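Written below as structure tokens is the structure these notes are about.
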Amino acid sequence: MEIFKIQDLTYYYPESEIAALKEISLSIEEGELIFLTGYSGCGKSSLLKAMAGLLPDFYGGKIGGIIEYKGKDLRRWDKRKLPREIGIVFQDPEQQTCMTVVEHEVAFGLENLGIPLDEMRHRVVEVLTMLNLTHLKDRSIFELSNGQKQRVILASILAMHPKVLILDEPTSQLDPIAADEILDYIYRLNRDWGTTIILSEQRIERCFDMADRVLIMDKGNIIFNGTPHEATLSSNDTEPLESFFPPISKIFRAVGLNSIPINVKEGRKAIKNLSDGQRNISIPLGRSKIEAKNDILVEGRRVRYVYPDQFFSIDNMDFTFYGGEVAAIFGENGAGKSTLLKLISGILKPQKGHIRVKGDVGYISQNPNDYLFSNTVYEQLLFALELKGMKDTGQIDEILKKLHIYRYRDVNPRDLSGGEKQRVAIATVIVSDPSVILMDEPTRGMDSLAKNELSSIISSLIEEGKAIVLVTHDIEFAAELSQRVLIMSRGNLVAEGDMHSMIGSSFYYSTQTAKLFRNIDSRVVTIKEGIYVLNKLVDRRHEQ
């Protein structure tokens, strides 16, 4: 049964002459799981908002075309009844919080729907248990990490038992374990309960293979509509589509094989058929550790910090960060990663121990809105320079071009998409040329193109001898450019080592490539390394 029917949907945001959505026609069947992807700013979030009935009522602007839900024009649905039918989770949990206490937040929507008290209690307990939030039910929303806030918002939506669940990057702020749990539950909602799922995610490797259909958008249009396997087998004239494939599919396509796996299980089967037990393929590894141990830019000894509520503490921690390295920090939500960066930046002061920093520190927080208060993007970066007593000698435009946001130079930064705001925040910090750069989830909301550009910028920064400390849940991104990995848990540093040994041997903090080649060579963790080894396996196969 057709649940959504969209015909010639076009939408313009207020005061915009460029259509965010352009004559989109689309049909979605009841019970489908749709994976929606595309470059940042392509119109994904706008399409999701339109399907949730939020455009143009809550955002203004002009809309054309028709969106039918269950055979009835969506704009004619009673807005009081629509939350029972369609639930949406946005990129930024701050946009959806209404209450101050976790349990009250989850119950808020149910109260508005007039759900009886006994049923309300049952639903609240159920979703809190399901999303591992029971121990936080009496906590203030403001005391939670962004990842925990994201789970609370998801719980509040799921408690209303919607028929359709629309998710705009629901795992962008979650650690790998929590993200896998959320996606597994979303998949079970679809598989076991028949909930229609429309999911947008930039971390493609997590959800590409679980979709019934993949939609790829570009500049307000849908440029691909088909199954995941159909996408990976698309011809070379659609080369841009490769940006939206998982790492495994990219590796096999690069080698030119006819059968393209879309997940680790399929990839392992293909590797087994090719390798016949072959091992010991020598791969050229990049720099994996810092050679010059004398250029210490950050040093902390027995650092301790505990918040008044005893949560998110740093417990007698020692750490060192060097110039010319990217150090990636992994850990579950609430491990103390963000607190550590705030201590290094000087936002927080250690209660015990000491931190020594050589040079200026640039700090990029999780929330890009912290940096967006000027009327234009250019003025925002200019303010950052003037704050340091510097002048613009062309570096602003250079940074904007490198991060692909130059076209927004004279746009209000608060009007940009989540990924674009993130790039403006990054530009605001690095434009003043600090010697130590702290990044807290810098790839949140970023597409592959923006990640590649950010990676290039970070690579150039470490060539200049800067220290980059990267807190991230994006293991694929971290593997491509970090030399050292640190893992935190409950305010402690529990493991540390070079990138290849840490990611290659890790069960959760690992890449798709590492999982694919673990039985061949545990040092193979990046796409480039995976292509190298797969080519070697294919060549050996042909020689036999």
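The values are calculated or read from the model by the stated rules, or taken from the named source; none is laboratory data. Computed from a predicted structure; not experimentally measured. Counting neighbours? That spans all protein chains shown, and the Cβs are built from the backbone with ideal geometry, glycine included. Heads up: the accessible areas ignore ligands, DNA and RNA and are worked out on the full protein's heavy atoms, side chains in. Shrake-Rupley method; radii C 1.70, N 1.55, O 1.52, S 1.80 Å.
Brief remarks on what is shown
- Test item: Cα-centred dipole of region 385-424, Lys/Arg +1 and Asp/Glu -1 on Cβ, debye: 120
- Summed over the residues of region 1-124 and divided among them, the accessible surface reaches 49 Å² per residue at a probe radius of 1.4 Å.
- Potential extension, Glu126-Phe142 segment - 0.36 nm per residue separation minus Cα distance: 3.5 nm
- Each of Glu2, Glu325 has its accessible area taken with a 1.4 Å probe; listed largest first, they run Glu2, Glu325.
- This structure gives Rg and Dmax of the Cα atoms in Å, computed directly, and of [x] 28.6, 89; [y] 23.7, 71; [z] 23.7, 80 that value is listed as [y].
- Listed residues Met439, Met160, Met1 arranged by accessible area, highest first, probe 1.4 Å: Met1, Met160, Met439
- Given charges at beta-carbon only (K, R positive; D, E negative), |dipole| of the chain in Debye: 880
- Relative to the Cα centre, the charge distribution of region 434-526, modelled as +1 at Lys and Arg Cβ and -1 at Asp and Glu Cβ, gives a dipole magnitude of about 320 debye.
- Rounded Å value of the spacing that divides the Cα centres of region 450-491 and region 69-140: 36
- Accessible surface of the chain [probe 1.4 Å, protein heavy atoms]: carbon and sulfur percent: 48
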